[in-house]
Amino acid sequence: MTQDDTAAGAGISVTGLEKRFGMLTAVDDLSIEIESGEFLALLGPSGSGKSTVLMMLAGFEVPTAGSITIDGRDCTRLPPQKRNIGMVFQHYSLFPHLSVIDNVAFPLKMRGEAKAARRRRASEALEVVRLDGYGDRMPSQLSGGQRQRVALARAIVYQPRLLLMDEPLSALDKNLREEMQLEIKRLHSELGVTVVFVTHDQGEALTMADRVAILRGGRVQQISPARELYERPANLFSAGFIGEMNMIPAQWDGSGLLLNQGDRLDPPAAALVGRVPTGRATLAIRPERLRVTAADTPGALAADVEEVVYAGAGTLLIARLADGTEIRARVPSANLPRLREGERIGLAFDPDALLVYGEEAAA
Amino acid sequence: MTLVSFTQPDGRNLSKAGITLLMAPFFMLIGFAFLYPLLSLLSISVTEPQFGFQNYERILDTPVYGKVLLRTLWIALLVSILSLFLAFPVAMAMVSSGGAMAVFITACILLPFWSSVLVRTAAWAVLLQRNGIINEGLQAIGIIDGPVRLLYTQGAVVVAMTHVLMPFMVLPIYGALRNIPQDYGRAAAICGAGPLRSFFEVTLPLAMPGVLGGFILVFLTALGYFITPALLGSPQEMMIATLISQQLREFLDWPFAAALVGVLTLFVTAITLVFSRVFRFDRMLGGQL
């Protein structure tokens, strides 16, 4: 397969998309702009509507409102076979009665390509996914990872400008999954195709995607590059959904943050996420941004150790603030003093590790 | 893949002897109620009136018996093909409709099993008779001027046998279609296949085990079918089962009837062997989807 600049990735514009199943609203007024060549992950818990969005992009479901434009062409009601999209399914969905090469050549056959040409292009696609020489096998003779590669080859063989992936790695074991993540990333940068990838695995989303859209209840919570998503979640749902996050209830008085156990913190202005009205607020801090110090260190939060979980390079400390809030710290095991259950420690942090959310951000 | 595993409560598999013991009642029933009568009948065909193949020679030497045999094969084939074309859409509807509709269709398919074949055949006799509803209906809309002969024809036999045997075609095809994951259709569509191509390239090949299973079931059953041809068919155009019965009951010629049974058994066995060789029964029943 040759790289072709004009046939890189499709630009997609989703506007006011809505899908109702009877009383249930699976997708609610969802709008996303996806740039040409972008790798976008749709991340959310089950029932968040992420798969429904993908089904509508593919054309398997018709939206009840809103529109989908691919490369400037309105595709909202176009049947899937006319969209020229590649798709990799969760369970690969290779046709069991066709050999590997015939599976990969299937889309070319549907496009009326001559037999010799489609065999040649299918072999090329198999080379791209590093399965040359496997053409004559049947899908049932392949391992899970190999099947997934065949499914990938079938999805890219006709050089679609958009590639959809529906949790394609969830059926693979951990090592294979990580290998395939890199493989798909490599393919993405080689082909320049736009990829929309559905997953419920946040690690996968952060590793692979240029941008991650977090969905909940059919609505987009946040669309950001992976780093921003992790370091500055837009609201408490995103904060809790991506990685581990300590959430400490507090009061915001307009200039400082008062914790229930009496500490008063002065977070920098950058720590405030969105608008933070005076009153109830939440202090969020990642466990790996905490350090263990003496209990009376100024600026550190005093807490009682509840559990020490040693895990090689790192150690997880589970402690409790005076008001009962659980707080977790992930610290390097090296140089960590021997801690006992019930021991009072101080948890110190850099000011830029703090995030403050107002009450409305809880929604 | 094993279809059945014999596992004891403690997780150990049963020994060969244990399995044989469990299967014994089944083999005893088959042996006493089926194999023994069949073999003793077949032995009559070569031992009476005297030892030799004279009964079989008579079948070969008399053209009318060959014609009966050919006609039987032809009608069975026709019934199988008709059943296939009627059953496939029904099976597709059963798979694609959900909930109450699927239950309703299944009930329509299974309900006839509650009435005997005799009743269903008699019902066709009522429908097809000279002043039956079909003749009167056709006259009312002016397609025919006077009543035509529908009953006691090959057509009546084919129609009624198709009606009776069609469920045996629907169920295997339904089973095969139901095992095809929905994603295959979607994969075909996203690869650019419209509904028709998707059907011929993906659905039909994957449903073939069910189609062949149903076809064999209907074809073999139709070969030996008795009641419907006997009640609705023309005496001049007999099928082999009717001929056997006639030899037994009217001419009391057991040896010759037994020879006819031998020929029919030979055909059924041969067809089964060819099908299982060509299309691999194990794949059909194991279903490697």
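The values are calculated or read from the model by the stated rules, or taken from the named source; none is laboratory data. This structure is a prediction, so every number in the text was calculated from the model and none was measured. Heads up, the Cβs are rebuilt from the backbone with ideal geometry, glycines too, and the neighbour counts pull from every protein chain shown.
Condition check ((1) at pLDDT below 90; (2) in a helix (DSSP H, G or I); (3) within 24 Å of B:Thr203 (Cβ to Cβ); (4) under 21 Å from the mean Cα position of the chain (by Cα)) across all residues:
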| position | (1), (2), (3), (4) |
| --- | --- |
| B:Pro9 | yes, no, no, no |
| B:Ala24 | no, yes, no, no |
| B:Leu38 | no, yes, no, yes |
| B:Leu73 | no, yes, no, yes |
| B:Ser80 | no, yes, yes, yes |
| B:Ile109 | yes, yes, yes, yes |
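One residue stands out among those in segment B:178-194 that are within 7 Å of chain A (Cβ to nearest Cβ) and either within 12 Å of A:Phe60 (Cβ to Cβ) or of a type in the set (Val, Ile, Thr) (or both): the one that is farthest from the chain's Cα centre (by Cα), which is B:Ile190. Going by the structure shown, is A:Asn84 in a helix (DSSP H, G or I) and within 14 Å of chain B (Cβ to nearest Cβ)? It is false that A:Asn84 is in a helix (DSSP H, G or I) and within 14 Å of chain B (Cβ to nearest Cβ).
Suppose the filter is more than 9 Å from every other protein chain (Cβ to nearest Cβ), in a loop (DSSP other than H, G, I, E, B) and of a type in the set (A, V, I, L, M, F, W, C); does A:Leu152 pass it? Taking the combined requirement at face value, the residue does not satisfy it.
As a summary of the residue check, A:Pro45 satisfies the conditions (1) of a type outside the set (Ser, Thr, Tyr); (2) surrounded by 15 or more Cβ atoms within 10 Å (Cβ to Cβ); (3) in contact with a Phe, Trp or Tyr (Cβ under 8 Å, 6 or more places away or on another chain); (4) not in a strand (DSSP E or B) except for the one numbered (2). Taken over segment A:334-363, residues that are free of Cβ contacts under 8 Å to residues at least 60 places away in the same chain and either touching a helix residue (DSSP H, G or I) at 6+ places or on another chain (Cβ under 9 Å) or loosely packed, with under 12 Cβ neighbours inside 10 Å (or both) amount to 7.
Using the structure shown, decide if A:Gly72 is under 28 Å from the mean Cα position of the chain (by Cα) and surrounded by fewer than 16 Cβ atoms within 10 Å (Cβ to Cβ). First the steps, then the outcome.
Working: under 28 Å from the mean Cα position of the chain (by Cα): yes; surrounded by fewer than 16 Cβ atoms within 10 Å (Cβ to Cβ): yes.
Yes.
Taking the listed residues B:Thr162, B:Thr203, B:Thr221, the one that is farther than 30 Å from B:Lys67 by Cα and touching a Leu at 6+ places or on another chain (Cβ under 8 Å) is B:Thr203, with no other qualifying.
Residue check: is B:Arg197 away from chain A (no Cβ under 14 Å) and closer than 30 Å to A:Asn84 by Cα? First the steps, then the outcome.
Numbers: away from chain A (no Cβ under 14 Å): no; closer than 30 Å to A:Asn84 by Cα: yes.
It is false that B:Arg197 is away from chain A (no Cβ under 14 Å) and closer than 30 Å to A:Asn84 by Cα.
Checked against (1) in a helix (DSSP H, G or I); (2) on the phi > 0 side of the Ramachandran plot, B:Leu252 passes all but a single condition, namely (1). Only a single item in (1) part of a helix (DSSP H, G or I); (2) out of contact with any Ser or Thr (no Cβ under 8 Å at 6 or more places or on another chain) is not met by B:Leu151, and it is number (1). Here A:Thr76, A:Thr52 are screened, and the one residue that is assigned by TED's automatic domain parsing to the domain that holds A:Tyr134 and not in a loop (DSSP other than H, G, I, E, B) is A:Thr52.
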